[in-house]
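*Asks:* Here it is, the structure in full.
The values are calculated or read from the model by the stated rules, or taken from the named source; none is laboratory data. Small disclaimer: the values here were computed from a predicted structure and weren't measured. Ideal geometry is used to build each Cβ from the backbone, glycine not excepted, and the neighbour counts take in all protein chains shown. Accessible surface is based on the protein model in full, side chains and every heavy atom, while ligands, DNA and RNA are left aside. Shrake-Rupley method; radii C 1.70, N 1.55, O 1.52, S 1.80 Å.
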Amino acid sequence: MNGLTDKTALNPGAARVTLDHDLLEVAMGPHHPSTHGVFRMNLVLDGETVVRLKPVFGYLHRNHEKIGESNNYLGSIPYTDRLDYICSMTNNWAYVLSVEKLAGISVPERAEYIRVIVAELTRLFNHTCQVGFLLQDMGALGTPLMYAFREREKILDLFESLSGARMMHNYMRFGGCRCDFPAGWVERARSVVAHYPTFLDQFEALLSGNEILKVRTQKVGVLPAALAINAGITGPMLRASGVNYDIRKVDKYGVYDRFDFSVPMGEHGDVYDRYMMRILEMRETLKILNQAISTLPEGPILDPKAKLRNLRPKAGEAYGRIEAPKGELGFYLISDGGPNPYRYRIRPPSLINLTILEDMCLGHTVADVVVILGSVDIVLGEVDR
Amino acid sequence: MQTLEQLKVRLETAVPGARIEIVPNGSPANQPSLLIDREHGRAVAKFLRDDSDLRFDYASNATGVDWPEKTIKEKIKTRKIVDGVEKEVEEVVEKKTAAYLEAVYHLYSMALGHGPLVIRLRTENRSDKVTLPSLTPIWRSCEFQEREIFDLFGIVFEGHGDLRRILMWDEFTDHPMRKDYVDPDDYEYEPTPHDRVLERARLHYPPEATA
C-alpha cells in the first residue's frame, strides 16, 4: 500500500464516497420574476444543465371560454381585452373579425384603415416592450426596459385619447370601430411614428452589437424550421426560424394587401434571431403606419347595417384569425341562432408557442432557460385564459 | 386546392375503409368541414399532412365541442283519412339528436399557403370514458390543445403520450366546458351576495341550521 496516493490512508475508517452527480428537481416559479406572471416550470437538473422541463399552467385560469358562452356577442368584446392585456386592440380585432365572418358583416373602408393603424401601433409597442423584457431577463436591469416603456407610454397616450382607456380599450365593434379619431389625433400619431426610427436606431446602437447580448443569445434555444411548423409555432418566433408565413400576407385580411411591406426572416432560429426579428418587424410596421396614415380615407367608421345589440347570427360556425404581435390569434365561434355563441374558442398563440419550450431548453443551463422563455414572448392572461 | 367533394373521394380511396362525411356550415363564412370516422382518424390526418398536393403541415387550432342530446320538433305533412275524407294533416314529430363530444381541427398548409380545412372527429357518446385517436403524433401543435380538450371536455386521446390536466388542478374531477357542468357551491366567496347566491346559501345549509 502506497501511503502517498491512497487518500484514506490517514483515516482508514472513512467510507469511500464518490462525488457522483445526482439529479435535482426544481420548481421554477410560479412567482419567479422572469416567468412574466404566474407560470411554473418543473425542471430536472444535472448540476446546472436542464435534463427535463415540464411547463405548468393554469394559475390564471378563469375559463374565459365558458364566460364567452354565457355572454352575448357584444358583451365579449371587453373580455377579449383581458386575454393578452398588452395587445388589447389586436385581441378586439381577432374577435370582431370572427363575428363578422360568422354573421357576414362588412366593414367600411375608413374603419379598416383605423384598425390597421391601431393594430400596427400595438405591434410596435409590444415588440418594444418584449425586447425590453428580454434584456431585463438577461440581467440588463432597468435601462432598456425603461427606454421601451417611455416609448410605449407615448402610444398608450394616443390610445387613451382614442378609446378612453390606457390598456383595456374595448374599441372595435362588429362592422367597424366604436368612435372616430379625435381632433388632432392623426397629427400626434404621425409625429410618434416619425420619431420612432430615431428611437430604434438608439436602441439598436445600445443593444444589437452588444457583446454580452450576443454571447447570451447566439446559438441558444435553437428551433429548427421543420419542428416549428409541426408544433404550430407562429409569429416572429416562426419567422426567426426562416419560415415565410405572415397571416397579413397569407390571408390579406382587412386592407393589408394595399400596403407595401416585407416580411423579415431569420436564419438560425436562436434567441438572437428572435430578438432581431422584433427589431426588423418594427421597422416594417413603421412603413405600414406611414402609408396607412397618409392614405387614410374619409367616410363612416361603422357599417350602418351592422347590428350590435341582440346580434343573432344564423346557425353555423366560423374561424377567423389575425397576425397578432405574438402569433396567430384565432377565434372559433359556433352559433346555434341564439343571442350568445354556442361555442367560443380562442386559439392562443402564447400557449401554443410554449409547446416546444422543453425541446429548446434541454442541454442549456438554468440561466439560459430564463432567456429562452423571454424570447418566446408570452402573456399569462392569454396562456391560461 | 380541390373542392371538398373531390377531397372526400380522394381520401376514401387513399385510406381504405375510411368513412368521410361533409358537414355543411350555415354561416356566410363558408367553412364546411369533413367528419372522419374514429378508426381512421389518424391515417387520414397523416395522408392530409404528407400528400404532395395537400401538405397540411400546420394544425392551427384544435378544440372540443359538446353536443348534448336535444329534442327537435319537426312538422311533417301526411295524408290521412279523417271522417272518411282524405286530408293533408300536419303532425309534430319529436326527434332526439345523438349526443356526442366532438374534436375540431383547423388545418392550414404553410408550404402551399392554403386552408383552412376543418376536420372533425366524434365520440360515441357523452360518457366519462370516451376516446378519440390523438393527432399529436401527426402534429405536435395538438399536444397542449388536446390536453386542454381532455381537461375541459373529458375526451381521452389515445396515443397522446402525456395526457394530463393542463388548466384545472390535478385533483379536479369534472369537465367544466361540458354543457351540463354545475359549478361547485362556493357562494361564500361571492363578494356581493345577491338573489341567486342567497338562494344557493339557503340550500347549502340544512333547514335547522338556518332556522
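*Asks:* Provide the per-residue ³J(HN,Hα) series for segment A:307-322, in order, calculated from phi with Karplus coefficients 6.51, -1.76, 1.60 and θ = phi - 60°, each as a whole number of Hz, with x at glycine and proline positions.
*Replies:* The phi angles translate into 9, 8, 7, 6, 6, 10, x, 4, 4, x, 8, 8, 10, x, 9, 9 Hz.
*Asks:* Would you calculate, for the protein assembly as shown, the mean residue ellipticity at 222 nm contributed by helices, counting each DSSP H stretch of 4 or more residues as -39,500 (n - 2.57) and dividing by all residues, to the nearest 500?
*Replies:* Per the formula, -11000 deg cm²/dmol.
*Asks:* Please report the accessible area of B:E143 (heavy atoms, 1.4 Å probe, ligands and nucleic acids excluded) in Å², nearest 10.
*Replies:* 30 Å²
*Asks:* From the phi angles alone, apply the Karplus equation (6.51, -1.76, 1.60; θ = phi - 60°) to segment B:69-84 and give each ³J(HN,Hα) in whole Hz, x where the residue is Gly or Pro.
*Replies:* Rounded to whole hertz, the list is 5, 10, 9, 10, 9, 10, 9, 10, 8, 10, 9, 9, 9, 10, 6, x.
*Asks:* Oh, and also: Given 37 °C and 0.692 mPa s, how large is the Stokes-Einstein diffusion coefficient of segment A:54-165 in µm²/s, with Rh as the Kirkwood radius over Cα pairs?
*Replies:* Values: Rh = 16.2 Å.
For the chosen part, D equals 203 µm²/s.
*Asks:* For a quick protection proxy, order the peptides A:261-267, B:119-125 by their average other-Cβ count within 10 Å, most packed first.
*Replies:* Result, highest mean first: B:119-125, A:261-267.
*Asks:* Can you pull the mean other chain C-beta count within 10 Å for peptide A:309-318?
*Replies:* Per residue, the average neighbour count from other chains is 4.
*Asks:* Can you list, bin by bin at 5 Å, the percent of alpha carbon pairs in segment A:194-244, starting at 0?
*Replies:* Here the calculated profile for segment A:194-244 is 4, 18, 17, 14, 19, 17, 9, 3.
*Asks:* While we're on this one: Kirkwood hydrodynamic radius (Cα pairs, Å) of segment B:4-210?
*Replies:* Its Kirkwood hydrodynamic radius stands at 20.5 Å.
*Asks:* A follow-up question, please. Can you give me the relative contact order of chain A as a percent, contacts being Cα pairs under 8 Å and 6 or more apart?
*Replies:* 26 percent
*Asks:* For segment B:4-210, what is the relative contact order in percent, using Cα pairs closer than 8 Å and at least 6 residues apart in sequence? Provide the component values of the computation, followed by the final result.
*Replies:* Working: 355 pairs, mean separation 33.7, N = 207.
That works out to 16 percent.
*Asks:* On average, how many beta carbons from a partner chain sit within 10 Å of the beta carbon of a residue in A:243-250?
*Replies:* Working: counts 3, 2, 5, 0, 2, 0, 1, 6.
Counting Cβ atoms of other protein chains within 10 Å of each residue's Cβ and averaging gives 2.
*Asks:* Quick one: net charge around B:T71, please, counting Lys, Arg +1 and Asp, Glu -1 for every other residue with C-beta under 11 Å from its C-beta.
*Replies:* Values: positive: B:K70, B:K73, B:K95, B:K96; negative: B:E69, B:E74, B:E94.
Net local charge, B:T71 excluded: +1.
*Asks:* Between B:A29, B:A62, B:A98, which gets the highest mean-square fluctuation from a Gaussian network model of chain B, Cα cutoff 10 Å?
*Replies:* Among B:A29, B:A62, B:A98, the largest GNM mean-square fluctuation belongs to B:A29.
*Asks:* Same structure, new question: Please give, to one decimal in nm, the separation of the simple spin-label points placed at A:V51 and B:V182, each 7 Å out from Cα toward the Cβ.
*Replies:* 4.8 nm
*Asks:* Extending each Cα 7 Å along its Cβ direction at A:D257 and A:Q291, get the distance between those two points in nm, one decimal.
*Replies:* The answer from the label model is 1.3 nm.
*Asks:* Compute the FRET efficiency between B:E5 and B:V93 as 1/(1 + (r/R0)^6), taking r as their Cβ-Cβ distance and R0 = 35 Å, and round to the nearest 0.05.
*Replies:* The computed FRET efficiency comes out at 0.70.
*Asks:* At q = 0.07, 0.08 Å⁻¹, work out log10 I(q)/I(0) for chain A with the Debye formula, treating every Cα as an identical point scatterer and leaving solvent out; two decimals please.
*Replies:* -0.35, -0.45
*Asks:* Okay, next question. ³J(HN,Hα) across segment A:80-93 via Karplus (A = 6.51, B = -1.76, C = 1.60, θ = phi - 60°), whole Hz, x for Gly/Pro?
*Replies:* Working through the residues one at a time gives 5, 3, 8, 5, 9, 5, 7, 10, 4, 4, 6, 4, 3, 5 Hz.
*Asks:* Can I ask one more? Within the protein assembly as shown, what percent of beta bridges assigned by DSSP are antiparallel, to the nearest 5?
*Replies:* Bridges in the protein assembly as shown that DSSP calls antiparallel: roughly 90 percent.
*Asks:* Only Cα pairs within less than 10 Å get springs; with that Gaussian network setup on chain B, which residue of B:E21, B:E146, B:E102 has the largest fluctuation?
*Replies:* In the Gaussian network model the winner is B:E21.
*Asks:* Across 5 Å bins from 0, what is the distribution of all Cα-Cα pair distances for segment A:177-295, in whole percents?
*Replies:* 2, 10, 16, 17, 17, 15, 11, 7, 3, 1
*Asks:* If amide hydrogens are placed 1.01 Å from N in the peptide plane, which non-local residues have theirs closer than 5 Å to the one on A:R40?
*Replies:* It is A:V56, by chain and number.
*Asks:* Same structure again: Would you look at the GNM of chain B, springs on alpha carbons closer than 10 Å, and say which of B:S60, B:S27, B:S127 moves the most?
*Replies:* Sorting by GNM fluctuation, first place goes to B:S27.
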